[in-house]
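Following: one structure in structure tokens, then a few remarks.
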Amino acid sequence: MMIRARWGVAVAWLGLATIPLGAQQPPLPGTRTGNPTPGTPQPEPPNMADRITLTGCIELADNKRAAGGATAADPDSPSASWYMLTKAERKKVVPKGTGTSAAAAKLKSRTYRLNVIDSQLSPFVGTKVEISGEVEPSTPSADSGADAKTPILQVEFVQKVAPTCR
């Protein structure tokens, strides 16, 4: 009998502890939610018109990183100079309106520079992947090197579709 009374008290306290959770107000329309780092600007939501999905092969870019000079760049910062998507083929995906911007619609390239953090793509080097992200406006930078005319894809999603690239 004493055990049942203790369980009853425990359940009652648990019920009382969860009441404030149900009383929370939903966020106001137009506000961003989440747990942002104080003082750090949050990225804009993805622009679906600039988003494309491709299949292709992940390779190291022919630059200082491929030659072993990775210490010059911060591997925790996104960079379009580390990886390339080769043998790229465009896939039609939903939702409606995806890839319809002028920049995305005109792309017919078979090679893309991938703007991504090093650790996100390093496990995929040499494999065939499905990758999606936003097309970046072509603005040559010191980071781009000789591949300044190759389109840049800001990587948002990647998954392996084959263990090797053939």
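The values are calculated or read from the model by the stated rules, or taken from the named source; none is laboratory data. This structure is a prediction, so every number in the text was calculated from the model and none was measured. Because the Cβ atoms are built from the backbone with ideal geometry, glycine has one as well, and the counts that use them run over all protein chains shown. The accessibility values were calculated without ligands, DNA or RNA, using every heavy atom of the protein model including side chains. Shrake-Rupley method; radii C 1.70, N 1.55, O 1.52, S 1.80 Å.
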When you look at residue 58, is it closer than 19 Å to residue 166 by Cα, open to solvent by less than 60 Å² (accessible area, probe 1.4 Å) and either touching a Phe, Trp or Tyr at 6+ places or on another chain (Cβ under 8 Å) or at pLDDT 85 or above (or both), yes or no?
yes
Residues that are loosely packed, with under 13 Cβ neighbours inside 10 Å, at pLDDT 90 or above and not small (Gly, Ala, Ser), drawn from the range 111-156:
123
